[in-house]
1. May I ask you to list the lysines whose Cα is less than 17 Å away from that of LYS55, ignoring any residue fewer than eight positions away on the same chain?
2. How long, wide and thick is the range 203-259, going by the Cα atoms along their three principal axes, in whole angstroms, largest first?
3. Residue by residue, what Karplus-based ³J(HN,Hα) values in Hz, rounded to whole numbers, does the range 239-246 have, using 6.51, -1.76 and 1.60 with θ = phi - 60° and x for Gly and Pro?
4. What is the magnitude of the charge dipole of the chain about its Cα centre, with +1 placed on the Cβ of each Lys and Arg, -1 on the Cβ of each Asp and Glu, and no other charges, expressed in debye to the nearest 20?
5. Run lengths n ≥ 4 of DSSP H only: what is the helix-derived mean residue ellipticity at 222 nm for the chain, with -39500 (n - 2.57) per run over all residues, to the nearest 500?
6. When a/c is below 1.5 the answer is rounded, else prolate if a/b is larger than b/c, else oblate, so apply that to the range 1-103 with a ≥ b ≥ c taken from the square roots of the Cα gyration tensor eigenvalues.
7. Assign unit charges at the C-beta atoms only (+1 for Lys and Arg, -1 for Asp and Glu), then state the dipole size of the range 20-105 relative to its Cα centre in Debye, rounded to the nearest 20.
8. Please report the projected area of the range 66-145's Cα convex hull averaged over all directions, in nm².
Amino acid sequence: MNSISIPKHNWDTSLYEDKHAFVWQYGEDLLQLLNPKPGELILDLGCGTGQLTEKIAQTGAKAMGIDSAATMIEKARQNYPHIRFDVADARSFQVAQPCDAVFSNAVLHWVKEADRAIASIHQALKPKGRFVAEFGGKGNIQVIAKALESAIASVGISKPQTLNPWYFPSIGEYASLLEKQGFDVIYATLFSRPTPLADKEAGIANWIEMFASAFLVGMSDEQTIQVIRKVEESLKPTLYQDGTWIADYRRIRILAIKI
Ligand code: BEZ
């Protein structure tokens with residue numbers, strides 16, 4: 001049986017780069033939807049450690065990255081010193097110069113105040129500027145979240161759903177928010193992407209440590225271990241196949257144009 005290390009902090013950049021590289025690897029084909037052109041000014045919103053910002057820069061576009069986590073920005077600057085990276089909040093960021101496009105991969109499901117993020121993105125774009133994003137959509141990690149909530153309830157913590165940090169909208173919901181704030185939504189899709197997790201048997205425990213620590217805040221180490229074990233036990237029959245954990249990801253992908 002794999003050992004469990006007790007989560008001590010969020011956004012550990014080494015854990016992110018070592019075990020969760022799929023976050024940006026899957027994001028690479030989103031770049032085709034972005035279709036960056038040389039000379040364009042493009043903001044990567046929620047750039048993490050900068051891998052996709054660098055891919056955008058390689059096309060000849062002028063890429064910049066922002067992220068709310070100072071640890072991520074510090075690592076992004078070390079990784080790609082030729083790119084400008086800043087700490088900023090999706091709900092309130094401002095740009096010095098309007099952009100041709102705002103790009104965002106695997107971030108906006110962390111922003112429950114979607115209307116504020118959309119307002120920031122809108123003001124950051126030139127007229128006819130593009131907003132291209134992918135994030136968790138309606139039904140994303142439904143099986144994992146349910147298992148987590150029931151494991152947490154089983155150790156005596158009430159209303160675990162109130163700890164849920166994520167926002168997974170439907171196409172209709174998100175497109176309406178965009179239209180209300182002056183975007184034309186010209187492409188939107190919702191699709192399942194079962195996602196193999198790194199690290200074999202420890203895959204789901206590592207995923208919880210990296211991404212679901214909001215559920216574990218205030219728990220004793222013993223409770224945390226119990227919760228993770230219970231999640232593993234309950235998900236093993238459905239999400240563990242041939243020695244690999246498969247997360248039940250469901251993505252929403254959007255291309256919208258500022259009117
Ligand atoms: C996602 O990329 O869908 C995701 C990642 C971490 C937590 C929740 C969702």
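1. Within reach: LYS37, LYS75.
2. 53, 33, 14
3. Working through the residues one at a time gives 10, 10, 10, 6, x, 10, 7, 10 Hz.
4. 620 debye
5. -11000 deg cm²/dmol
6. The shape class here is prolate.
7. Computed about the Cα centre, the dipole is about 140 debye.
8. Across all orientations, the range 66-145 yields a mean hull projection of 6.4 nm².
None of the figures in this text is laboratory data; all of them are computed from the coordinates on show. Owing to the predicted nature of the structure, the values given are computational and were not obtained by experimental measurement. Quick reminder, even Gly has a Cβ in these numbers, built from the backbone with ideal geometry, and neighbours come from all protein chains shown.
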